[in-house]
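Undergrad: Mind looking over this structure? Questions follow.
The values are calculated or read from the model by the stated rules, or taken from the named source; none is laboratory data. Worth saying up front: this structure is predicted, and the values here are computed from it rather than measured. Methodologically, a virtual Cβ is constructed for each residue, glycine included, from the backbone with ideal geometry; neighbour enumeration extends over all protein chains shown.
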Amino acid sequence: MAKFLDPEAYRAQSADWQLLPFRFERINGRVLVTNLVGEHLFLDAEEFGQLSKGDLPADSPLVRRLRAKHVIRESGDDLPVELLAIKARTRYRRLSEFTALHILVASLRCEHSCPYCQVSRQSSDKGAYDMSSETAAIALDSVFRSPSQNIKIEFQGGEPLLNFELIEEVVATARQRNETEGKNLGFVIATNLALLDDRVIEFCRANNVYISTSLDGPADLHNKNRPRPGRNSWELATAGIQRVREELGVDRVSALMTTTRSSLGRVIEIIDVYVEQGLTSVFLRPLSPYGFAIKTKSFAAYDVDAWLPFFEEGLDYIIELNRAGIPMVEQYSAIVLKKMLTNDDPGYVDLTSPAGIGIGAIVYNYDGDVYASDEGRMLAEMGDKTFRLGNLHQDSYEEIMLSDALLGPLEESFTQSAPMCSDCAFEPYCGADPTYHHATTGDFLGRKPTSGFCRRNMAIFKLLLDRYESDAFTRSLFQTWASH
Amino acid sequence: MIALRGKATEVELSAPIARRVWKLVDAATLTPQRHSRAFLAGDDGQAPDGFDLYLSRSAASRPDQDATWLRLPEDLDYLSGGDVVSVSDDGERIRVLWRHQSHQNSILLTERCNHYCLMCSQPPKTREDDELLAQAFELLRLLPRDVAEIGFTGGEPTLYGQELIDLLRLCRNLHPEAQVHVLSNGTRFADPDFAAAWASIENPNMMVGIPIYGAEPARHDYVVQSKGAFNQTIPGILNLAQLGQRIEIRVALHKQTAPALPEIAEFIARNLPFVDQVALMGLEMIGLARANIPELWIDPTEYADELIEAVTLLDRSRIHTMIYNHQLCLIPRSIWPWTVRSISDWKNEYHAECASCNVKDDCGGFFFSAKYKVSENIRAIPIEGTQEPAVLQI
């Protein structure tokens, strides 16, 4: 039985380690190291010194950790490179199936008059701001040209239910067409629910349509954000949410919040409203820069710093809710964690690279104008048509998808080659947001040291990593979020 | 423990026994078939004519047919019609190849191996034993059409190369509905041609179980005592995955692997997320493991945290995960739902302490080899201990 050899016999023969692509960031005395595809590990300063100075021994616990995470390889060992390549391919596989989300602006009209909304119109003239059947038909041609096997058509506004006849028509036509197209076709109506009635409910049930609504938190906050005649936006929204849950199913309605300055300091109250409504996810969204940014060109760090404590308090509260057995997901964290802990990129339009504009989501405005993103449409309403890709009535699908207005910002904002992004440890978790950077700095790339986008996301990444490392429960919770 | 081999206590040869593999037939399972069939007579010695081989249990009367006959040792008296045995040409040595009442039949194809794992339960031998493969071909022809599960093990079955492929193709053709499981160290699949040959069997019910003992080469290669093994096993798994083959990853837990379990789980989740299942295996204190107790023994209670972390991560990564060979009293209740009663019936035993245990029926129990080393933390779970969810959801 003396045939067994000691561990030494199976170690690397020399300390001739080769570095694989990795990036790092110093955080509170430790060094975060991320590999090519975003797998992470924390090193202490001494360990990082060994790595960076090429001072690693032939074997040590550190060497084994670095090998396991594909940060270093033995000379001539192809397996780590092959595995990294597989993981990178997995991460980018979604790109060949582009444009899954198609936003149809059914009507710009709205019975709300929210101050932060740049697009809605108070008008009873159906002709002026509603999408016509003719425009919708061309939009559907474009929808079905997309290579993506999964197609979601989202009706937006204004308030899309003000042009419900068009929604009925589009859904019927799209479903009929899909009998030969064979896509995984889904529908969403983004509505404030004020106009929810029997006909809408019956239609959603018959066509498996999902409802996405707005819920900004407690009644006073929500109604202040969203004025309407009767001052009852919150009452109508929450009644609508409950009606959809009971008559269509709990999974058929989700809510998004708009964060305004009035929201700051009230995150726990906001989340409690979501719990009260029986919702199991909340999206703690940043303050919208659009509008303010356009006027002043200076939306940046100040607003982010005011918002971050809001997010942190909310995230910690949500973790505690889960610990107490109340299921709640923070959606933005879930998106980041999927990128952090798996090889998947959910392709979230505002946090993916190449950017999600046009290839993640595309917007067909009521008048046939095509925009690269919803924010691009908002900019256009304020006079900046940079992200207008063309018009359905004048331009072909090829002209729209290959337009400089789309390819330019996609290429210029690509994080893997963007200055300061390309060597950022968080690059695999982050994304390109050319619309934001154009709005705030005038170019698609932006200036990272003063970018509010960069500052906000870096802070979120650090926060999530800190909580992930902090205790076993949070780690398992985050793993659950990542696998959604 | 159930005996799987034994020596005949009496032998009467009419001629040297020409074939190795025999399917037993008794009065209850009698058919007109005679080829490859041996008759196992009842206690009264009554037996129909026409068989080339007759057997009697240890205390039964000898049948009066004038043919080759042998008497089973007492611990093989459990054999009955439908079981398959091999008999040496002198009639002396009997090996049980298939017990029809068991769901855990495992067909040994060779004792040779290109690895020499620290904890191997079937210590590798170097001598040629192709006869085992020939017997496996015979066995497959004798198994009933509706057999539910067939397991193949070694040694390293893939050392046979094309002959293994031929065997597995026969298995698919004769038993298309059977769940087929093959244990392999996976290195041979690094050869794309062999992986392609494997895939060409086209058996959607076939799964290969491949062990991984580290997230990087040094640990894995040490455990399997083969330099370069990791860098063949992982590409082998990738080749199989590319061909859409079903794969199980097995991690045997002992002192060399358990501390690295979270790291191994992370490696699997991130690099091999396509595998069909992961089995975390308690150590069987037999074979080479007995020789290496100082290097291998770790009380399962000492790696409870690592086990929880690994199971949680794999489960959250949507990888079907199972804990094999662990006694429930040694692992945290929160991960009981992942435990599987996996110890083969013929090796399974319980501790004296288990007599009063309330969850014994759900527990994996012990390998008979646990007599060589067992945790000091074995405790009967009392009734009040089951107030938490006691129903295992497997």
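Undergrad: Name the strands (runs of 3 or more DSSP E) wholly within region B:4-63 that hold at least 1 residues that are farther than 26 Å from B:Lys347 by Cβ and touching a helix residue (DSSP H, G or I) at 6+ places or on another chain (Cβ under 9 Å)?
TA: So the answer is B:37-40.
Undergrad: Just give me the residues in region A:66-110 being within 17 Å of A:Ser14 (Cα to Cα) and among the basic types (Lys, Arg), in sequence order.
TA: Of everything in region A:66-110, those that are within 17 Å of A:Ser14 (Cα to Cα) and among the basic types (Lys, Arg) turn out to be A:Arg67, A:Arg73.
Undergrad: Looking only at region A:41-63, which residues are surrounded by fewer than 20 Cβ atoms within 10 Å (Cβ to Cβ) and at the interface with chain B (Cβ under 9 Å from one of its Cβ atoms)?
TA: A:Asp59
Undergrad: Check off (1) buried (at least 22 other Cβ atoms within 10 Å of the Cβ); (2) not assigned by TED's automatic domain parsing to the domain that holds A:Ala172 for A:Asp130 and give me the number that stays unchecked.
TA: (2)
Undergrad: A follow-up question, please. Considering region A:1-34 alone, what residues qualify as being within 29 Å of the chain's Cα centre (by Cα), part of a strand (DSSP E or B) and of a type in the set (S, T, N, Q)?
TA: A:Thr34
Undergrad: Say we look at region A:71-105 and pick out the residues that are part of a helix (DSSP H, G or I) and of a type in the set (Val, Ile, Thr); which of these is farthest from the other protein chains (Cβ to nearest Cβ)?
TA: In the first step, residues of region A:71-105 are kept if they are part of a helix (DSSP H, G or I); the result is A:79-96.
Restricting the remaining residues to those that are of a type in the set (Val, Ile, Thr) gives A:81, A:86, A:90.
Numbers: A:Val81: 12, A:Ile86: 7, A:Thr90: 9 Å.
This residue is A:Val81.
Undergrad: If you don't mind, there's one more thing I want to ask. Tell me, which strands (runs of 3 or more DSSP E) lie completely within region A:350-446 with 1 or more residues that are surrounded by fewer than 19 Cβ atoms within 10 Å (Cβ to Cβ) and on the phi < 0 side of the Ramachandran plot?
TA: A:388-391
Undergrad: Moving to a separate point now. Conditions first: (1) farther than 30 Å from B:Ala241 by Cα; (2) within 14 Å of chain B (Cβ to nearest Cβ). A:Gly38 passes all but one, so which condition is the exception?
TA: (1)
Undergrad: Is it the case that some residue within region B:274-284 is touching a Ser or Thr at 6+ places or on another chain (Cβ under 8 Å), at the interface with chain A (Cβ under 8 Å from one of its Cβ atoms), in contact (Cβ under 8 Å) with a residue 40 or more places away in the chain and not small (Gly, Ala, Ser)?
TA: no
Undergrad: Is at least one residue of region B:169-186 within 14 Å of chain A (Cβ to nearest Cβ) and of a type outside the set (D, E, K, R)?
TA: Yes, region B:169-186 has at least one match.
Undergrad: Against the condition modelled with pLDDT under 95, away from every other protein chain (no Cβ under 14 Å) and surrounded by fewer than 23 Cβ atoms within 10 Å (Cβ to Cβ), how does A:Arg467 come out, does it pass? Walk me through how you get there before you give the answer.
TA: Numbers: modelled with pLDDT under 95: no; away from every other protein chain (no Cβ under 14 Å): yes; surrounded by fewer than 23 Cβ atoms within 10 Å (Cβ to Cβ): yes.
When the stated conditions are applied, A:Arg467 does not pass them.
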